[in-house]
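First comes the structure, then the notes that go with it.
Derivation of every value follows stated rules applied to the coordinates shown; laboratory data play no part. Everything quoted here is computed from the prediction, not taken from an experiment. In this analysis, Cβ positions are derived from the backbone assuming ideal geometry, glycine residues included, and neighbour counts consider all displayed protein chains.
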Amino acid sequence: MKLTSHSRTLALAAAALSFVIAGCSNGVPLGPSDAVPQPATSGATATTPAAPTITTPTATSPAAAVAYTDLAPIFSADCTPCHGTRSPKARYSTFSYATVMAAVKAGSTSSALVLVTQPGGSMYPFLSGDRAGKAALIRTWVINGAPQSR
């Protein structure tokens with residue numbers, strides 16, 4: 001079955017929603033780092049690779065110093081061409097801090113901006129250069145309260 005662009009968008013939205021719904025309510029952050037290792041299903045001696053160690057920045061770590069002013073060049077280069085001031089796609093603009101905040105719930109990894117910019121998210125392929133690094137900066141910024149400036 002060939003998927004249309006609309007079908008792919010709906011499938012990605014459904015996957016993101018199911019991911020959010022499946023998240024823990026005990027404060028465990030949602031996102032790609034929350035993958036649960038699956039047990040081996042065969043009787044063979046399969047080895048499961050060790051889960052990567054992921055450190056979430058704290059309010060006192062240097063990563064906590066990420067501010068919108070640090071991300072503005074990323075939004076300008078990678079997002080604003082489609083999500084600018086004139087007829088922004090999906091009616092979402094990344095032109096200013098105020099407009100970016102429409103998709104941000106400060107401190108929440110389930111913010112729409114975090115979900116769409118992480119690996120597997122619908123906007124992740126549009127990040128240029130070091131996608132993983134940019135996605136991590138966006139996530140860190142949101143987790144640490146999404147400050148406008150330092």
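What the table shows:
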item	result
Kirkwood Rh, Cα atoms: Rg over Rh of region 59-150	0.93
Extended-chain gain in nm, criterion 0.36 nm per residue less alpha-carbon gap, Cys82 and Asp70	2.3 nm
Net dipole in debye of region 59-150 [+1 Lys, Arg Cβ; -1 Asp, Glu Cβ; about Cα centre; nearest 20]	200 debye
Virtual spin-label span in nm between Ser122 and Met101, 7 Å along Cα→Cβ	2.4 nm
